[in-house]
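Heads up: the structure comes next, in C-alpha coordinates.
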Amino acid sequence: MALFKQVALLLPLLGAAAAVNLTCPDYYVYSTEQHPPYSGGVYNLSWQRPEPRCRTFNLSIVEDAVDRVADDISDPDLKRLFVNSYPNSLDTAVKWKGYANNGSDEELTFLITGDINAMWLRDSANQVQSYLPLLEASDSAHSLASLYRGVINLQARYILTDPYCNAFQPPVESGVPPSENGAASADTVVPVYNNQSVFECKYELDSLAAFLEVSRNYYNVTQDIDFFKKYNWVSAISSIMEVAQAQMIPTYQSNGNVSVLDYTFTRETTRASETTENDGLGNPINSGTGLIRSFFRPSDDSTIFQFLVPSNMMFASYLEPCAEIMALVGGQDQLAQKMRELSKSLRQSIKTHAVSTSKKYGSFYPYEVDGYMGQNIMDDANIPSLLAAPFYGYLDVNDETYQNTRALILSADNPYFMRGPVISAIGGPHNGPGYAWPMASIVRILTSSDDGEITQQLQEIVSSTDGYGLIHESINTFNTSDWTRQWFSWANGLFGQMILDLDDRKPEILKQSFQGNGSYTM
(Lines give C-alpha, C1' and ligand atoms only; values in the text may rest on other atoms or scores of the structure.)
Protein backbone atom coordinates (compact mmCIF):
# COMPACT_ATOMS: atom_id res chain seq x y z
CA MET A 1 0.00 0.00 0.00
CA ALA A 2 2.88 2.38 0.83
CA LEU A 3 4.50 1.57 -2.54
CA PHE A 4 1.26 2.30 -4.40
CA LYS A 5 1.00 5.64 -2.58
CA GLN A 6 4.58 6.46 -3.47
CA VAL A 7 4.09 5.76 -7.17
CA ALA A 8 0.83 7.69 -7.27
CA LEU A 9 2.48 10.72 -5.71
CA LEU A 10 5.46 10.59 -8.06
CA LEU A 11 3.68 10.12 -11.39
CA PRO A 12 2.75 13.76 -12.16
CA LEU A 13 6.18 15.02 -11.20
CA LEU A 14 8.04 12.35 -13.15
CA GLY A 15 5.90 12.99 -16.20
CA ALA A 16 6.74 16.67 -16.20
CA ALA A 17 10.44 15.96 -15.78
CA ALA A 18 10.40 13.45 -18.65
CA ALA A 19 8.78 15.99 -20.99
CA VAL A 20 11.44 18.55 -20.17
CA ASN A 21 14.33 16.15 -20.65
CA LEU A 22 13.21 14.65 -23.96
CA THR A 23 12.75 17.66 -26.20
CA CYS A 24 13.92 20.80 -24.42
CA PRO A 25 17.22 22.60 -25.08
CA ASP A 26 19.92 22.52 -22.42
CA TYR A 27 19.57 25.82 -20.59
CA TYR A 28 23.34 25.98 -20.15
CA VAL A 29 23.55 26.41 -23.93
CA TYR A 30 20.28 28.35 -24.30
CA SER A 31 21.46 31.02 -21.84
CA THR A 32 24.63 31.71 -23.85
CA GLU A 33 22.53 32.75 -26.83
CA GLN A 34 20.27 35.75 -27.38
CA HIS A 35 16.65 35.19 -28.30
CA PRO A 36 13.76 37.28 -29.63
CA PRO A 37 11.55 38.99 -28.84
CA TYR A 38 13.97 41.67 -27.65
CA SER A 39 13.06 44.33 -25.13
CA GLY A 40 13.19 47.21 -27.61
CA GLY A 41 15.09 49.43 -25.18
CA VAL A 42 18.51 50.93 -25.74
CA TYR A 43 20.10 47.74 -24.35
CA ASN A 44 17.67 45.57 -26.37
CA LEU A 45 17.76 42.75 -23.84
CA SER A 46 17.18 39.18 -24.95
CA TRP A 47 14.30 36.93 -23.95
CA GLN A 48 15.76 34.19 -21.73
CA ARG A 49 12.86 32.16 -20.38
CA PRO A 50 12.35 28.59 -21.56
CA GLU A 51 8.98 27.90 -23.11
CA PRO A 52 6.43 26.82 -20.47
CA ARG A 53 6.67 23.08 -21.13
CA CYS A 54 10.45 23.26 -20.65
CA ARG A 55 10.37 25.05 -17.29
CA THR A 56 11.34 22.80 -14.41
CA PHE A 57 8.56 23.94 -12.06
CA ASN A 58 5.61 26.10 -13.11
CA LEU A 59 3.74 28.03 -10.42
CA SER A 60 0.83 30.29 -11.24
CA ILE A 61 1.43 32.38 -8.11
CA VAL A 62 4.88 33.31 -9.41
CA GLU A 63 3.66 33.91 -12.96
CA ASP A 64 0.93 36.19 -11.63
CA ALA A 65 3.51 38.14 -9.59
CA VAL A 66 5.78 38.48 -12.63
CA ASP A 67 2.90 39.87 -14.72
CA ARG A 68 1.65 42.18 -11.97
CA VAL A 69 5.01 43.72 -11.10
CA ALA A 70 6.13 43.92 -14.75
CA ASP A 71 3.10 46.13 -15.39
CA ASP A 72 4.47 48.53 -12.76
CA ILE A 73 7.85 48.88 -14.52
CA SER A 74 8.02 51.56 -17.19
CA ASP A 75 11.52 50.98 -18.55
CA PRO A 76 11.53 48.21 -21.22
CA ASP A 77 15.00 46.91 -20.34
CA LEU A 78 14.39 46.84 -16.59
CA LYS A 79 11.07 45.10 -17.25
CA ARG A 80 12.75 42.44 -19.41
CA LEU A 81 15.51 41.86 -16.87
CA PHE A 82 12.92 41.33 -14.15
CA VAL A 83 10.76 39.00 -16.25
CA ASN A 84 13.79 36.88 -17.17
CA SER A 85 15.37 36.83 -13.73
CA TYR A 86 12.72 36.41 -11.08
CA PRO A 87 11.37 33.00 -12.15
CA ASN A 88 14.82 31.73 -13.16
CA SER A 89 15.19 29.17 -10.36
CA LEU A 90 11.77 27.69 -11.10
CA ASP A 91 12.39 27.84 -14.84
CA THR A 92 15.76 26.11 -14.76
CA ALA A 93 16.97 24.80 -11.41
CA VAL A 94 14.39 22.38 -9.97
CA LYS A 95 16.36 19.42 -11.25
CA TRP A 96 14.13 16.90 -9.49
CA LYS A 97 11.20 16.95 -7.08
CA GLY A 98 9.69 13.85 -5.53
CA TYR A 99 9.50 11.78 -2.37
CA ALA A 100 11.85 9.80 -0.16
CA ASN A 101 12.07 6.09 -0.92
CA ASN A 102 11.11 5.06 2.61
CA GLY A 103 7.39 4.79 1.85
CA SER A 104 6.54 8.05 3.60
CA ASP A 105 5.24 11.32 2.21
CA GLU A 106 8.57 13.08 2.84
CA GLU A 107 8.97 15.63 0.05
CA LEU A 108 12.39 16.24 -1.50
CA THR A 109 13.52 19.08 -3.78
CA PHE A 110 16.87 18.83 -5.56
CA LEU A 111 17.59 22.47 -6.43
CA ILE A 112 20.78 23.09 -8.39
CA THR A 113 22.70 26.39 -8.47
CA GLY A 114 22.17 26.76 -12.18
CA ASP A 115 25.14 25.80 -14.28
CA ILE A 116 26.50 23.30 -11.74
CA ASN A 117 24.58 20.05 -11.26
CA ALA A 118 24.84 20.01 -7.46
CA MET A 119 22.86 21.43 -4.56
CA TRP A 120 24.54 23.93 -2.24
CA LEU A 121 22.91 24.40 1.16
CA ARG A 122 23.42 28.17 1.02
CA ASP A 123 22.35 28.67 -2.59
CA SER A 124 19.22 26.52 -2.41
CA ALA A 125 18.02 28.28 0.75
CA ASN A 126 18.49 31.64 -0.94
CA GLN A 127 16.91 30.49 -4.17
CA VAL A 128 13.62 29.67 -2.46
CA GLN A 129 13.92 32.79 -0.27
CA SER A 130 13.51 34.82 -3.47
CA TYR A 131 9.89 33.67 -3.51
CA LEU A 132 9.28 34.25 0.20
CA PRO A 133 6.99 37.25 -0.47
CA LEU A 134 4.68 34.83 -2.33
CA LEU A 135 4.79 31.90 0.09
CA GLU A 136 1.52 30.71 1.61
CA ALA A 137 0.51 27.57 3.48
CA SER A 138 -0.48 24.67 1.22
CA ASP A 139 -0.63 20.88 1.39
CA SER A 140 -0.44 20.58 -2.39
CA ALA A 141 2.60 18.86 -3.89
CA HIS A 142 2.54 21.48 -6.63
CA SER A 143 2.97 24.56 -4.49
CA LEU A 144 5.65 26.90 -3.30
CA ALA A 145 5.18 25.52 0.21
CA SER A 146 5.93 22.02 -1.08
CA LEU A 147 9.07 23.31 -2.78
CA TYR A 148 10.21 24.76 0.56
CA ARG A 149 9.45 21.54 2.42
CA GLY A 150 11.40 19.55 -0.14
CA VAL A 151 14.43 21.82 0.24
CA ILE A 152 14.30 21.64 4.05
CA ASN A 153 13.95 17.85 4.06
CA LEU A 154 16.77 17.29 1.59
CA GLN A 155 19.04 19.76 3.37
CA ALA A 156 18.37 17.91 6.63
CA ARG A 157 19.41 14.66 4.95
CA TYR A 158 22.56 16.30 3.61
CA ILE A 159 23.51 17.71 7.01
CA LEU A 160 23.11 14.27 8.57
CA THR A 161 25.22 12.82 5.74
CA ASP A 162 28.07 15.21 6.59
CA PRO A 163 27.46 18.49 8.45
CA TYR A 164 30.83 19.88 7.35
CA CYS A 165 30.08 19.70 3.63
CA ASN A 166 28.62 22.53 1.59
CA ALA A 167 27.45 20.97 -1.70
CA PHE A 168 25.80 17.65 -2.41
CA GLN A 169 24.96 15.17 -5.13
CA PRO A 170 21.41 14.29 -6.28
CA PRO A 171 19.37 12.08 -3.94
CA VAL A 172 19.32 8.44 -4.99
CA GLU A 173 15.53 8.63 -5.47
CA SER A 174 15.97 11.08 -8.32
CA GLY A 175 17.79 8.72 -10.65
CA VAL A 176 20.02 11.67 -11.58
CA PRO A 177 23.64 10.49 -11.70
CA PRO A 178 26.25 12.12 -9.43
CA SER A 179 28.43 14.81 -10.99
CA GLU A 180 32.21 14.80 -11.04
CA ASN A 181 34.01 17.64 -9.28
CA GLY A 182 37.50 17.69 -10.74
CA ALA A 183 38.76 20.27 -8.27
CA ALA A 184 37.63 18.20 -5.29
CA SER A 185 39.58 15.17 -6.49
CA ALA A 186 42.68 16.89 -5.12
CA ASP A 187 41.13 17.40 -1.66
CA THR A 188 42.25 15.83 1.59
CA VAL A 189 39.38 16.23 4.03
CA VAL A 190 38.81 14.99 7.56
CA PRO A 191 36.32 13.46 8.09
CA VAL A 192 36.50 11.53 4.83
CA TYR A 193 33.38 11.86 2.70
CA ASN A 194 31.78 9.83 -0.09
CA ASN A 195 31.79 11.65 -3.44
CA GLN A 196 28.69 9.71 -4.50
CA SER A 197 26.69 11.72 -1.97
CA VAL A 198 28.86 14.83 -1.53
CA PHE A 199 29.91 17.16 -4.36
CA GLU A 200 32.29 19.29 -2.28
CA CYS A 201 33.18 19.42 1.40
CA LYS A 202 34.20 22.93 2.35
CA TYR A 203 33.06 23.71 5.88
CA GLU A 204 31.21 27.03 5.82
CA LEU A 205 29.29 28.21 8.85
CA ASP A 206 26.86 30.09 6.61
CA SER A 207 25.77 26.80 4.99
CA LEU A 208 24.43 25.66 8.35
CA ALA A 209 22.93 29.10 8.94
CA ALA A 210 21.16 28.71 5.58
CA PHE A 211 19.31 25.66 6.89
CA LEU A 212 18.17 27.72 9.87
CA GLU A 213 17.15 30.51 7.50
CA VAL A 214 14.96 28.42 5.21
CA SER A 215 13.39 26.71 8.23
CA ARG A 216 12.55 30.01 9.92
CA ASN A 217 11.17 31.47 6.70
CA TYR A 218 8.88 28.51 6.06
CA TYR A 219 7.53 28.45 9.62
CA ASN A 220 7.02 32.21 9.88
CA VAL A 221 4.62 32.18 6.95
CA THR A 222 2.90 28.80 7.29
CA GLN A 223 2.95 28.20 11.07
CA ASP A 224 3.20 24.53 10.09
CA ILE A 225 4.73 23.18 13.29
CA ASP A 226 3.65 19.61 12.49
CA PHE A 227 6.09 19.57 9.57
CA PHE A 228 9.03 20.11 11.91
CA LYS A 229 7.99 17.19 14.08
CA LYS A 230 8.43 14.78 11.17
CA TYR A 231 11.42 13.37 9.39
CA ASN A 232 14.93 14.65 10.28
CA TRP A 233 14.66 18.33 11.19
CA VAL A 234 15.38 17.92 14.91
CA SER A 235 18.30 15.58 14.24
CA ALA A 236 19.77 18.02 11.71
CA ILE A 237 19.56 20.87 14.22
CA SER A 238 21.28 18.70 16.83
CA SER A 239 24.06 17.99 14.34
CA ILE A 240 24.42 21.71 13.60
CA MET A 241 24.76 22.49 17.29
CA GLU A 242 27.45 19.83 17.65
CA VAL A 243 29.42 21.40 14.81
CA ALA A 244 29.05 24.86 16.32
CA GLN A 245 30.43 23.67 19.66
CA ALA A 246 33.29 21.77 18.00
CA GLN A 247 34.28 24.80 15.94
CA MET A 248 34.59 27.04 19.01
CA ILE A 249 37.66 25.07 20.12
CA PRO A 250 40.77 27.28 19.90
CA THR A 251 43.94 26.29 18.07
CA TYR A 252 45.93 25.97 21.28
CA GLN A 253 44.87 24.35 24.53
CA SER A 254 45.61 26.07 27.84
CA ASN A 255 48.83 24.05 28.24
CA GLY A 256 50.04 24.98 24.76
CA ASN A 257 49.17 21.74 23.00
CA VAL A 258 47.65 22.06 19.54
CA SER A 259 43.99 21.09 19.55
CA VAL A 260 42.83 18.15 17.46
CA LEU A 261 40.02 19.45 15.24
CA ASP A 262 37.02 17.50 13.99
CA TYR A 263 37.54 18.95 10.50
CA THR A 264 40.58 19.75 8.35
CA PHE A 265 40.85 20.60 4.66
CA THR A 266 43.63 20.88 2.08
CA ARG A 267 43.51 21.01 -1.72
CA GLU A 268 46.26 20.77 -4.32
CA THR A 269 45.74 24.05 -6.15
CA THR A 270 47.43 27.12 -7.59
CA ARG A 271 44.98 29.43 -5.78
CA ALA A 272 45.59 30.31 -2.14
CA SER A 273 41.85 30.87 -1.59
CA GLU A 274 41.12 27.23 -2.48
CA THR A 275 43.05 25.66 0.41
CA THR A 276 43.96 26.38 4.03
CA GLU A 277 47.10 27.10 6.02
CA ASN A 278 48.93 24.80 8.43
CA ASP A 279 48.19 21.49 6.75
CA GLY A 280 44.45 21.95 6.87
CA LEU A 281 44.06 23.61 10.29
CA GLY A 282 43.84 27.18 9.03
CA ASN A 283 45.44 30.16 10.73
CA PRO A 284 45.31 30.04 14.56
CA ILE A 285 42.31 31.34 16.45
CA ASN A 286 42.42 32.41 20.07
CA SER A 287 40.50 31.00 23.02
CA GLY A 288 37.74 32.71 24.95
CA THR A 289 36.06 34.60 22.13
CA GLY A 290 32.79 32.65 22.03
CA LEU A 291 32.81 32.87 18.22
CA ILE A 292 32.46 29.96 15.79
CA ARG A 293 35.16 29.33 13.21
CA SER A 294 34.48 28.91 9.52
CA PHE A 295 37.11 27.46 7.20
CA PHE A 296 35.44 28.95 4.12
CA ARG A 297 33.40 31.99 3.14
CA PRO A 298 30.02 32.01 1.35
CA SER A 299 32.02 32.58 -1.84
CA ASP A 300 33.60 29.13 -1.22
CA ASP A 301 36.96 30.91 -0.75
CA SER A 302 39.01 30.07 2.33
CA THR A 303 39.04 32.46 5.25
CA ILE A 304 42.21 34.20 6.35
CA PHE A 305 41.05 34.63 9.94
CA GLN A 306 38.52 31.92 10.71
CA PHE A 307 36.12 33.93 12.85
CA LEU A 308 34.11 35.10 9.84
CA VAL A 309 32.00 37.90 11.24
CA PRO A 310 29.03 37.92 8.79
CA SER A 311 28.61 34.16 9.12
CA ASN A 312 28.56 34.42 12.92
CA MET A 313 26.02 37.24 12.58
CA MET A 314 23.78 35.19 10.30
CA PHE A 315 24.03 32.09 12.47
CA ALA A 316 23.06 34.09 15.57
CA SER A 317 20.24 35.83 13.73
CA TYR A 318 18.48 32.64 12.60
CA LEU A 319 19.35 30.42 15.56
CA GLU A 320 17.06 32.30 17.93
CA PRO A 321 13.80 31.98 15.90
CA CYS A 322 14.64 28.33 15.18
CA ALA A 323 14.91 27.84 18.94
CA GLU A 324 11.30 28.97 19.17
CA ILE A 325 10.32 26.38 16.56
CA MET A 326 12.25 23.74 18.51
CA ALA A 327 10.41 24.67 21.70
CA LEU A 328 7.09 24.04 19.93
CA VAL A 329 8.13 20.66 18.54
CA GLY A 330 7.74 19.07 21.95
CA GLY A 331 10.21 17.21 24.15
CA GLN A 332 13.11 19.37 23.02
CA ASP A 333 13.20 22.08 25.68
CA GLN A 334 16.84 21.48 26.54
CA LEU A 335 17.96 21.77 22.92
CA ALA A 336 15.82 24.88 22.41
CA GLN A 337 17.40 26.51 25.45
CA LYS A 338 20.92 25.72 24.19
CA MET A 339 20.03 27.35 20.90
CA ARG A 340 18.74 30.50 22.62
CA GLU A 341 21.81 30.71 24.81
CA LEU A 342 24.21 30.29 21.89
CA SER A 343 22.42 32.95 19.84
CA LYS A 344 22.61 35.39 22.74
CA SER A 345 26.26 34.64 23.51
CA LEU A 346 27.25 35.00 19.84
CA ARG A 347 25.75 38.47 19.72
CA GLN A 348 27.70 39.46 22.81
CA SER A 349 30.89 37.90 21.43
CA ILE A 350 30.55 39.88 18.20
CA LYS A 351 30.21 43.10 20.20
CA THR A 352 33.25 42.21 22.28
CA HIS A 353 35.62 40.73 19.71
CA ALA A 354 34.42 41.88 16.29
CA VAL A 355 34.05 45.65 16.48
CA SER A 356 36.97 47.88 15.51
CA THR A 357 37.46 51.64 15.37
CA SER A 358 39.21 54.09 13.08
CA LYS A 359 39.55 57.86 13.01
CA LYS A 360 37.92 58.03 9.59
CA TYR A 361 34.94 55.69 10.13
CA GLY A 362 34.46 55.35 13.88
CA SER A 363 33.30 51.92 15.11
CA PHE A 364 32.89 49.29 12.35
CA TYR A 365 32.78 45.55 11.79
CA PRO A 366 35.81 43.86 10.24
CA TYR A 367 35.11 40.97 7.87
CA GLU A 368 37.22 38.42 9.78
CA VAL A 369 39.03 38.32 13.12
CA ASP A 370 41.14 35.73 14.94
CA GLY A 371 40.70 36.66 18.61
CA TYR A 372 44.30 37.81 18.82
CA MET A 373 44.73 41.17 17.11
CA GLY A 374 44.35 40.02 13.55
CA GLN A 375 41.54 41.42 11.44
CA ASN A 376 40.66 41.50 7.76
CA ILE A 377 39.17 44.78 6.59
CA MET A 378 37.06 44.01 3.50
CA ASP A 379 33.70 42.65 2.44
CA ASP A 380 32.72 39.96 -0.05
CA ALA A 381 29.80 40.04 -2.46
CA ASN A 382 28.14 36.79 -1.40
CA ILE A 383 25.52 36.68 1.35
CA PRO A 384 26.12 36.68 4.28
CA SER A 385 28.19 39.80 3.91
CA LEU A 386 28.68 42.79 6.16
CA LEU A 387 26.64 44.87 3.71
CA ALA A 388 23.75 42.40 3.97
CA ALA A 389 23.58 42.34 7.79
CA PRO A 390 20.14 44.08 7.92
CA PHE A 391 18.86 41.82 5.11
CA TYR A 392 19.43 38.67 7.15
CA GLY A 393 18.02 40.34 10.24
CA TYR A 394 21.07 40.71 12.44
CA LEU A 395 20.63 44.44 13.03
CA ASP A 396 18.64 47.49 12.01
CA VAL A 397 19.76 49.26 8.88
CA ASN A 398 20.13 52.50 10.87
CA ASP A 399 22.50 50.95 13.40
CA GLU A 400 25.44 53.35 13.75
CA THR A 401 28.18 50.72 13.57
CA TYR A 402 26.53 49.19 10.49
CA GLN A 403 26.30 52.56 8.75
CA ASN A 404 29.99 53.21 9.51
CA THR A 405 30.82 49.76 8.14
CA ARG A 406 28.72 50.45 5.06
CA ALA A 407 30.60 53.67 4.37
CA LEU A 408 33.90 51.81 4.62
CA ILE A 409 33.06 48.81 2.44
CA LEU A 410 31.43 50.94 -0.27
CA SER A 411 34.63 52.96 -0.65
CA ALA A 412 38.13 52.53 -2.03
CA ASP A 413 39.22 51.67 1.53
CA ASN A 414 37.67 48.24 0.92
CA PRO A 415 40.30 46.40 -1.18
CA TYR A 416 37.51 44.48 -2.90
CA PHE A 417 35.29 47.42 -3.84
CA MET A 418 35.59 47.37 -7.62
CA ARG A 419 35.19 50.63 -9.53
CA GLY A 420 34.79 51.42 -13.21
CA PRO A 421 32.62 53.01 -15.90
CA VAL A 422 30.49 49.87 -16.36
CA ILE A 423 29.62 49.01 -12.76
CA SER A 424 31.01 49.77 -9.30
CA ALA A 425 30.27 47.20 -6.61
CA ILE A 426 31.84 44.89 -4.08
CA GLY A 427 33.60 41.87 -5.55
CA GLY A 428 35.98 39.43 -3.91
CA PRO A 429 38.93 37.12 -4.42
CA HIS A 430 36.74 34.43 -5.96
CA ASN A 431 36.94 36.16 -9.34
CA GLY A 432 39.64 38.63 -8.37
CA PRO A 433 40.37 42.34 -8.75
CA GLY A 434 38.41 44.23 -11.36
CA TYR A 435 35.27 42.07 -11.27
CA ALA A 436 32.24 43.57 -9.52
CA TRP A 437 29.29 41.40 -8.48
CA PRO A 438 25.76 42.59 -9.34
CA MET A 439 24.63 40.60 -6.27
CA ALA A 440 26.35 43.22 -4.12
CA SER A 441 24.60 45.99 -6.03
CA ILE A 442 21.28 44.26 -5.37
CA VAL A 443 22.03 43.99 -1.65
CA ARG A 444 23.01 47.66 -1.65
CA ILE A 445 19.54 48.50 -2.99
CA LEU A 446 17.78 46.20 -0.51
CA THR A 447 19.54 47.96 2.38
CA SER A 448 19.09 51.54 1.16
CA SER A 449 16.31 54.11 1.39
CA ASP A 450 18.19 56.70 -0.68
CA ASP A 451 16.41 57.18 -4.03
CA GLY A 452 19.54 58.44 -5.76
CA GLU A 453 21.63 55.50 -4.60
CA ILE A 454 18.98 52.99 -5.61
CA THR A 455 18.49 54.58 -9.01
CA GLN A 456 22.22 54.61 -9.73
CA GLN A 457 22.61 50.95 -8.79
CA LEU A 458 19.65 49.94 -10.96
CA GLN A 459 21.13 51.88 -13.88
CA GLU A 460 24.42 50.02 -13.56
CA ILE A 461 22.74 46.62 -13.30
CA VAL A 462 20.41 47.16 -16.27
CA SER A 463 23.22 48.44 -18.50
CA SER A 464 25.72 45.67 -17.76
CA THR A 465 24.11 42.37 -18.82
CA ASP A 466 25.81 42.47 -22.25
CA GLY A 467 22.43 42.18 -23.91
CA TYR A 468 21.63 38.80 -22.35
CA GLY A 469 19.05 40.01 -19.86
CA LEU A 470 20.29 37.85 -16.98
CA ILE A 471 22.18 38.70 -13.81
CA HIS A 472 25.75 37.46 -14.18
CA GLU A 473 27.98 36.38 -11.31
CA SER A 474 30.55 39.14 -11.86
CA ILE A 475 31.37 41.75 -14.49
CA ASN A 476 34.60 43.47 -15.53
CA THR A 477 34.11 47.05 -14.37
CA PHE A 478 35.64 48.34 -17.63
CA ASN A 479 34.19 45.82 -20.10
CA THR A 480 30.52 44.84 -20.12
CA SER A 481 31.29 41.85 -22.38
CA ASP A 482 33.71 40.30 -19.89
CA TRP A 483 31.65 38.48 -17.27
CA THR A 484 31.44 35.19 -15.39
CA ARG A 485 28.54 32.70 -15.24
CA GLN A 486 25.69 33.50 -17.58
CA TRP A 487 23.37 31.38 -15.43
CA PHE A 488 23.45 31.97 -11.67
CA SER A 489 19.98 31.33 -10.29
CA TRP A 490 20.49 32.79 -6.83
CA ALA A 491 21.53 36.21 -8.13
CA ASN A 492 18.68 36.27 -10.63
CA GLY A 493 16.09 35.42 -8.00
CA LEU A 494 17.54 37.99 -5.60
CA PHE A 495 17.22 40.65 -8.30
CA GLY A 496 13.55 39.80 -8.72
CA GLN A 497 13.00 39.81 -4.97
CA MET A 498 14.56 43.27 -4.85
CA ILE A 499 12.21 44.53 -7.57
CA LEU A 500 9.23 43.22 -5.59
CA ASP A 501 10.58 45.08 -2.57
CA LEU A 502 10.87 48.32 -4.56
CA ASP A 503 7.39 47.85 -5.98
CA ASP A 504 6.17 47.78 -2.39
CA ARG A 505 8.22 50.54 -0.75
CA LYS A 506 9.39 52.78 -3.61
CA PRO A 507 7.12 52.19 -6.63
CA GLU A 508 7.99 55.56 -8.13
CA ILE A 509 11.52 54.33 -8.86
CA LEU A 510 10.11 51.63 -11.13
CA LYS A 511 8.42 54.36 -13.17
CA GLN A 512 11.78 55.85 -14.15
CA SER A 513 13.66 55.35 -17.40
CA PHE A 514 17.09 53.72 -17.43
CA GLN A 515 17.70 54.30 -21.14
CA GLY A 516 21.27 55.55 -20.99
CA ASN A 517 23.53 57.25 -18.44
CA GLY A 518 21.50 58.56 -15.56
CA SER A 519 17.73 58.22 -15.23
CA TYR A 520 14.72 60.42 -15.51
CA THR A 521 10.98 60.17 -14.98
CA MET A 522 9.02 58.88 -17.96
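Some points to look at:
- Sequence ranges 318-326, 120-128, ranked by mean other-Cβ count within 10 angstrom, highest first: 120-128, 318-326
- Overall form of region 21-78 per C-alpha gyration tensor (a/c, 1.5; a/b vs b/c): oblate
- When shorter helices are ignored and each DSSP H run of at least 4 residues is given -39500 (n - 2.57), the per-residue value for the chain at 222 nm works out to -12500 deg cm²/dmol.
- Contour minus Cα-Cα distance for residue 185 and residue 29 (0.36 nm per residue): 53.5 nm
- Accessible area per residue was computed with a 1.4 Å probe on protein heavy atoms; residue 270 scores about 140 Å².
- Packing-based order for 58-69, 94-105, using average beta carbon neighbours within 10 Å, highest first: 94-105, 58-69
- Kirkwood Rh in Å, taken over all unlike Cα pairs in region 213-361: 17.1
- Protein accessible area in region 193-329, 1.4 Å probe - carbon and sulfur %: 44
- At most 13 other Cβ within 10 Å, DSSP loop - chymotrypsin sites (Phe, Trp or Tyr not before Pro), region 435-485: 478
- Full-extension gain in nm, residue 269 to residue 245, via 0.36 nm per residue minus C-alpha separation: 5.6 nm
- The listed peptides 154-167, 188-201, 279-292, ordered by packing as a protection proxy, come out as 154-167, 279-292, 188-201 (highest mean of other Cβ atoms within 10 Å first).
- Taking only protein heavy atoms and a 1.4 Å probe, the accessible area of region 75-174 is 48% carbon and sulfur.
- Scanning the chain for cysteines with no neighbouring cysteine C-beta under 4.7 angstrom from their C-beta gives 322.
- Sorting the Cα pairs of region 267-309 by distance into bins of 5 Å, from 0 upward, gives 5, 25, 30, 22, 11, 4, 2 percent per bin.
The values are calculated or read from the model by the stated rules, or taken from the named source; none is laboratory data. Just so you know, these numbers come straight off a predicted model, no measurement behind them. Using ideal geometry, Cβ is built from the backbone for each residue, glycine included, and neighbour counts are taken over all protein chains shown. Ligands, DNA and RNA are stripped out before the accessible areas are found, and what is left, the full protein with its side chains, is counted by its heavy atoms. Shrake-Rupley method; radii C 1.70, N 1.55, O 1.52, S 1.80 Å.
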